[in-house]
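Enquirer: Structure provided below as structure tokens; questions to follow.
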Amino acid sequence: MKRIITAVLLILCIGTIEAADLASADFIDMLLELPGPVSPVIYGDSVVFTAPSTFRRVGISFAYEGFSRVYWLQKLLIPRDQAEIAAEGKKKNIDPNRDSGILFHVQAIPDGIKELDYRMIIDGLWTPDPLNPQVITGSGGIKNSRVTLPAQTKVPSTVDNTTGTLRFSFNAAPGSTVTVGGSFNNWDPFMYEMREISKGSYSLTLTLPPGTYQYVFFFMGERYPDPNNPEIVYAKDGKMVSQAVIR
């Protein structure tokens, strides 16, 4: 239950972001297991940046965007034990969460970038990341921090289908149950279960006649559009779904 509540808190903090499945159990476990603010952590197709929550406000800005945008780190809140809350008796406005001591930001890794250069703004002052030992001198002699990124491999996408087939791909925790449903099977969430072809990587190929198809993945009771397919549309019920064409 605690992890479910924490997942909701993380989703509220993160909002919508083009990155790995940030609500997955693996991602939540990774955040909760951090001993405190640490050097940047590469997680899937994202980088997690942290800072102490003792700072009033911390932002981060990236060289590939020309340092034109500041992303503000969010506070990681952890639900308090019910016994601890009960011990406070009938106090008003009891906070059900506690500060983990960590501020964090999750940044999707841009395509084609081997080194992610950035700098922080901590309580109003621009500075390299004090937790990252890799510091470089940028233009104008300004010191920036750098994260060296691993080689990126292209994940097969549904839109890369061959004639007469749709190939679905999805990443989740190893040993999960992932299914796909869409306009080709009346949105049945149980008919087509994906196969785990490697640790945490799921795939399924369907042979279908030519046409335009809408679909979603079903994982842990939730619907997910295809993170590897940029073609997103709204279905008749108003929900976002992925769309692919067989010619």
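The values are calculated or read from the model by the stated rules, or taken from the named source; none is laboratory data. Owing to the predicted nature of the structure, the values given are computational and were not obtained by experimental measurement. Here Cβ is always computed from backbone atoms with ideal geometry, including for glycine, and neighbour counts include all displayed protein chains. Quick note on the areas: whole protein, heavy atoms, side chains included, nothing else; ligands and nucleic acids left out. Shrake-Rupley method; radii C 1.70, N 1.55, O 1.52, S 1.80 Å.
Enquirer: Among the residues of segment 132-147, which ones are basic (Lys, Arg) and surrounded by fewer than 17 Cβ atoms within 10 Å (Cβ to Cβ)? Give the steps one after another, and end with the answer.
Expert: Step one: list which residues in segment 132-147 are basic (Lys, Arg), which gives 143, 146.
Across segment 132-147, the qualifying residue is only Lys143.
Enquirer: Among the numbered conditions (1) closer than 26 Å to Val48 by Cα; (2) at pLDDT below 90; (3) not in a loop (DSSP other than H, G, I, E, B), tell me where Trp126 comes up short.
Expert: Every listed condition holds for Trp126 apart from (2).
Enquirer: Among the listed residues Tyr224, Tyr215, which satisfies the condition of being among the aromatic types (Phe, Trp, Tyr), open to solvent by less than 80 Å² (accessible area, probe 1.4 Å) and over 17 Å from the mean Cα position of the chain (by Cα)?
Expert: Every option except Tyr215 fails the conditions.
Enquirer: Residue check, Val47 against (1) at pLDDT 90 or above; (2) of a type in the set (A, V, I, L, M, F, W, C); (3) over 29 Å from Ser176 (Cα atoms), all met but one. Which one?
Expert: Only one criterion in (1) at pLDDT 90 or above; (2) of a type in the set (A, V, I, L, M, F, W, C); (3) over 29 Å from Ser176 (Cα atoms) is unmet by Val47, namely (3).
Enquirer: So, in segment 22-43, of the ones that are over 12 Å from Phe104 (Cα atoms) and buried (at least 19 other Cβ atoms within 10 Å of the Cβ), which residue ends up modelled with the highest pLDDT? Reasoning before the result, please.
Expert: If we filter segment 22-43 for residues that are over 12 Å from Phe104 (Cα atoms), which is where we start, we get 22-30, 33, 35, 42-43.
With the extra rule that they be buried (at least 19 other Cβ atoms within 10 Å of the Cβ), the set shrinks to 22, 24, 27.
Working: Leu22: 44, Ser24: 51, Phe27: 70.
Only one residue fits best here, namely Phe27.
Enquirer: Take the residues of segment 165-212 that are β-branched (Val, Ile, Thr) and over 19 Å from Arg247 (Cα atoms): which is surrounded by the most Cβ atoms within 10 Å (Cβ to Cβ)? Steps first, please.
Expert: Kept after step one, since they are β-branched (Val, Ile, Thr), are these residues of segment 165-212: 165, 177-180, 197, 205, 207, 212.
If we keep only those that are over 19 Å from Arg247 (Cα atoms) too, we end up with 177-180, 197.
Values: Thr177: 13, Val178: 22, Thr179: 19, Val180: 27, Ile197: 12.
The qualifying residue surrounded by the most Cβ atoms within 10 Å (Cβ to Cβ) is Val180.
Enquirer: For segment 177-212, give me each residue that is modelled with pLDDT under 90, within 23 Å of the chain's Cα centre (by Cα) and assigned to a loop (DSSP other than H, G, I, E, B).
Expert: Scanning segment 177-212 gives Lys199, Gly200.
Enquirer: If you don't mind, there's one more thing I want to ask. Looking at segment 177-199, I want the residues that are of a type in the set (Ser, Thr, Tyr) and have a partner that is in a strand (DSSP E or B) and open to solvent by 90 Å² or more (accessible area, probe 1.4 Å) with Cβ atoms under 6 Å, at least 6 apart or on another chain. Which pairs are those?
Expert: Going by the 6 Å Cβ cut-off, the qualifying pairs are Thr179/Glu193.
Enquirer: State yes or no: is Glu115 at pLDDT 90 or above and of a type outside the set (A, V, I, L, M)?
Expert: Numbers: at pLDDT 90 or above: yes; of a type outside the set (A, V, I, L, M): yes.
Against the criterion (at pLDDT 90 or above and of a type outside the set (A, V, I, L, M)), Glu115 qualifies.
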